[in-house]
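Report on the structure given below.
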Amino acid sequence: MQIDPFAVEIWMNEWETKCTHNLAETCVESLTIAELLQLTGQNESDLSALLPMKMTYGEIRGSARLLAAISALYAGQVPENIIVTHGTIGANMLVHKALVARGDRVVAVVPTYQQHYSIPASIGADVVPLKLRAEDGFVPDLDALRALVTPDTRMIAINNPNNPTGALMDRAMLEEIAAIARDVDAWVLCDEVYRGTDQQGDGMTVSIADVYEKGVATAGMSKAFSLAGLRLGWVAGPAEVIEAVSIHRDYDTISVGKLDDHFAAIALENQDRVLARSQRITRENLALLADWVEAEPGIDWVKPASGTVTLLKYDAPLGSREFCVQLMEEEGVLFTPGAAFDMEGYVRIGFANPMADLRAGLEKVSRFLARLETHA
C-alpha cells in the first residue's frame, strides 16, 4: 500500500522539540497525573490501587468501566456502540479501512486532518474534495456537497470542530449532511476529537453518531481532555461498524494499555470538571488571540467557534513554510505552515497553551511581522 507522506506530522516531528514557544500545539494544556487526580477529587493514595494491577493485556474492546464512561458523552450511544482504539488517529485509520474499498467514492472536506483523504486514496477509493472557503466561514457549502455526492458515494468524511480552522457545524447543518448521505445510503464519518471546546453554551457539540443512523464518530483523550499521553481514542457508531472495525483492529491493536484505560476512565467519569478547565483555557486564550489579531494589520482570520487551533492569513511575500521556518529560527516560535493543509498563505496556530506562553509567543510574532514590513 502506498500512501502520501503525512505533511503536518512530518512538520511537527521536525520542529516541535526545537522551539521556545510551541504555538503549533493542538492539545489543551496537558494535565499531569497529579493534576488529573486533584481535578477529579482524588489524591496520590488512590494510586495505591494500581499496585496489584497485573500488566497483562487489557479487556479487548476496552473495560466495561471505560466503555460506560465514553458512552455517557453521547445522547444515544450505549457501551455496545463503542470500541476503544490507539488514539483518535487509530480510530480514523480503522474506520476508513473497515468501511472503504477500492473504487468507492469518498467525499472529504478540505482542509482537514490528512487521514481523511490520504487513507481512502491509498485504499484505491475515488476521493473527491469539498473545499471549505473563508467566505463561507469554513463550513461546508451544502449545495456543493449535494453536487459531489453521487449514488456510488460510500462515505462523507467531515471534521467537527474542524482542524485546522476551528469552524463548527451546528445540529441543523449536521442533519442536512445526514439527509444528503441518507439519500444515497452513505456513511458519514465525523472526526470529533476537538468536541467539548465550543466557545459558546455548554461547549459540547452534538455528535454525528446521535444525528444519523449511519453516523460514525471518532474521538479521544488528547485535545479537549488534555491527556494525549494516554494514546487512547474510540469509535462510536452502529453495531455493524463496531464489528467491522473490531476485525481490522485485531490485526494492529489487540487492546489498549491497562493504565491508559484506567486514567481515561477517571477523566471521563469526571468529564464536567475536565471540560470546564479546557473551556476556561480555550475561551480566555481565544479572547487574547482575538485582541492580538485585531491589532495586527498584516493578519486576518475567520474567528474560530470551537477547537484549539485556527488559521491565520498573513500578508507577506513568503511561502507558508518559509514564513514558519524563518519565524522559528529568528524568534523560536512554532506555527504550522498552511502548506501542510494545502492552504498556502495561511499558518495554523494553537491557542490552548498556558496563557503566559501564548502571550509571550504572540509578542515575538509581532516583532517578526514588524521586521517583515520594514523589509518589504
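Overview of values
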item	result
Residue order for K313, K54 - accessible surface, 1.4 angstrom probe, largest first	K54, K313
Accessible surface, the chain, averaged per residue in Å² (probe 1.4 Å)	41
Translational diffusion of segment 268-376, µm² s⁻¹ [Kirkwood Rh, Cα pairs; Stokes-Einstein; 4 °C; 1.567 mPa s]	88
Volume per residue that the Cα convex hull of segment 142-269 spans, once the total is divided by residue count, Å³	129
Reachable lysines, given that their alpha-carbon falls under 29 Å from the alpha-carbon of K97 and they are not under 8 places away in the same chain	K131, K214, K223, K258
Reachable lysines, given that their alpha-carbon falls under 17 Å from the alpha-carbon of K303 and they are not under 8 places away in the same chain	K313
Protection proxy ranking of 141-149, 77-85, 253-261 - average other beta-carbon atoms within 10 Å, highest first	77-85, 253-261, 141-149
Relative contact order (%) - criterion: Cα under 8 Å, at least six apart; region: the chain	24
Carbon plus sulfur fraction of accessible area for the chain, probe 1.4 Å, in percent	52
Bridge type composition, the chain - antiparallel percent by DSSP, nearest 5	45
Calculated Rg and Dmax of segment 1-59 using C-alpha coordinates, Å	18.5, 49
Estimated translational D of the chain in µm²/s (Stokes, Kirkwood radius over Cα pairs; 37 °C; 0.692 mPa s)	155
Per principal axis, descending, Cα span of segment 299-346 in whole Å	31, 20, 19
Theoretical ellipticity at 222 nm over the chain - DSSP helices of four or more residues, -39500 (n - 2.57) apiece, nearest 500	-12500 deg cm²/dmol
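The values are calculated or read from the model by the stated rules, or taken from the named source; none is laboratory data. Please read all numbers here as calculations on a predicted model, not as lab measurements. Note: ideal-geometry Cβ built from the backbone for every residue, glycine included; neighbour counts use all protein chains shown. All accessible areas refer to the heavy atoms of the entire protein, side chains included, with ligands and DNA or RNA removed. Shrake-Rupley method; radii C 1.70, N 1.55, O 1.52, S 1.80 Å.
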